[in-house]
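Bear in mind these aren't lab numbers, they're just calculated from the coordinates by the rules spelled out. Because the structure is a prediction, the values reported are computed rather than measured. Here the Cβ is made from the backbone with ideal geometry for all residues, glycine too, and neighbour counts use every protein chain on show.
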Amino acid sequence: MKKSLFAILLVLIICITGFSANNIEVLVNDEAVEFDVQPQIIQDRVMVPMRFIFEKLNSSVMYDGETRTISTYLSDKNGQAQFLIIQINNPKAFVNNNSFVLDAAPIEVEDRTLVSLDLFEKTLGATVTWDEQNMKVSIQY
């Protein structure tokens, strides 16, 4: 009986710990972002669903299923047009014909494109902070 109770408690602790480890809060310009696929830590990189963040920045996101290419168009802080193109599993990103190598290639999880935080810093010049202790991302653009 004691072994069974210990095993049940151990499983509950693992489940609770696992759940909280994946509960990452994301703020864009101090506004919380809601996701249908949660941000995740994959190979020591925080990966976030791209579409929801760009929509918070008043930008639409287009996806080409044949080439697995994602593109978006938005204005930067100075009102300059920014046309961003990325491809699933390709660490190169392009903004207005300038190429950037990302820390991690975009991936697909449950039909959503997840990108590393450096996409916003390197390609758009956003200020990104990661508070590991509180599992919180802040993107200022």
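Sort 43-51, 24-32 by the packing proxy (mean of other Cβ within 10 Å over each peptide's residues), most packed first.
43-51, 24-32
If we sort 128-137, 82-91 on the protection proxy, mean other Cβ atoms within 10 Å, highest first, what's the order?
82-91, 128-137
Aspartates and glutamates near Lys56 by alpha-carbon distance under 13 Å, same-chain residues fewer than 8 away left out - which ones?
Excluding near neighbours in sequence, the set is Asp30, Glu31, Glu34.
Using the count of nearby Cβ atoms within 10 Å as a rough guide to exposure, how do Ser99, Ser59 rank from fewest to most?
Lowest to highest Cβ neighbour count: Ser99, Ser59.
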